[in-house]
């Protein structure tokens, strides 16, 4: 697979803070493996004080860069500080492969649901609304400024590895027809996972694979301040990734939410580099 890492060193529209330093740390780990991959960086046209508008501005630039890489025959791999970068990657995907939004699937690996809205969120944290925004449950008007972005059908979303849901969040995911597969069901590539991937493959033309690195169990490395016990081992994560690539038309990916302040030894950055190496070695 010809992959193009796209660095998004902005956390909710802000550069050089916390997880915004994560993409460069991951790219350093990638460079140490001598993979010889192109490296692209988003360059938003303006930095705005309003967090929502600044975030959407970053995502708009990301969408164009994802579209360009797809047009060149490469597979974009967004390396982002936050999960709401999904809107930019999805916008570029729908534009880059000329796919209708209802024919785009998502495999979302994350310790958290990311399915809050402004009304349901206990904190108002924008990144906790990322998946809800992707399926049109929040921020629809401002997200419409992202080139190519259209809300997806939540019935084409599989949420994997979640165990730290806010009150009512898991129920909202289920009511929206998002399929939830818990970490206990990922100790092996189970029959349920195999069936879920097979069913999704029959409904979509392209898949976005979203991997928040806090899906890992803290024993495998702490990706950010929101790490939660009961997650996946590195081996389990690799097995899920291989199954995705084997069974689904994965056309764009993302590695998100890595904050090097919580990983002084660089353990999780190395895991991310190994994941990118696995992608680069996969058949097109």
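The values are calculated or read from the model by the stated rules, or taken from the named source; none is laboratory data. Bear in mind that the values here come from a model prediction, so they are computed numbers and not experimental data. All Cβ positions, even for glycine, are placed from backbone atoms using ideal geometry, and neighbour counts span all protein chains on display.
Summary of computed values
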| quantity | calculated |
| --- | --- |
| Selection count, the range 186-233, where residues are within 27 Å of residue 5 (Cβ to Cβ), touching a residue at least 40 places away in the same chain (Cβ under 8 Å) and outside any loop (DSSP other than H, G, I, E, B) | 18 |
| Failed item, numbered, when residue 123 is tested on (1) over 19 Å from residue 204 (Cα atoms); (2) in contact (Cβ under 8 Å) with a residue 40 or more places away in the chain | (2) |
| Residue match in the range 105-120 (condition: surrounded by fewer than 19 Cβ atoms within 10 Å (Cβ to Cβ) and more than 23 Å from residue 159 (Cα to Cα)) | no |
| Number of positions in the range 140-183 that are in a loop (DSSP other than H, G, I, E, B), closer than 26 Å to residue 45 by Cα and under 17 Å from the mean Cα position of the chain (by Cα) | 4 |
| Leading residue by the ranking (surrounded by the fewest Cβ atoms within 10 Å (Cβ to Cβ)) among those in the range 30-71 that are over 15 Å from residue 143 (Cβ atoms), in contact (Cβ under 8 Å) with a residue 40 or more places away in the chain and over 19 Å from the mean Cα position of the chain (by Cα) | 32 |
| Failed item in (1) modelled with pLDDT of 95 or more; (2) closer than 26 Å to residue 159 by Cβ; (3) surrounded by fewer than 24 Cβ atoms within 10 Å (Cβ to Cβ), with residue 82 passing the rest | (3) |
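Quick grid of which residues meet (1) surrounded by 22 or more Cβ atoms within 10 Å (Cβ to Cβ); (2) more than 16 Å from residue 279 (Cα to Cα):
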{"site": "182", "(1), (2)": "no, yes"}
{"site": "185", "(1), (2)": "no, yes"}
{"site": "215", "(1), (2)": "yes, yes"}
{"site": "219", "(1), (2)": "no, yes"}
{"site": "226", "(1), (2)": "no, yes"}
{"site": "229", "(1), (2)": "no, yes"}
{"site": "238", "(1), (2)": "no, no"}
{"site": "246", "(1), (2)": "no, no"}
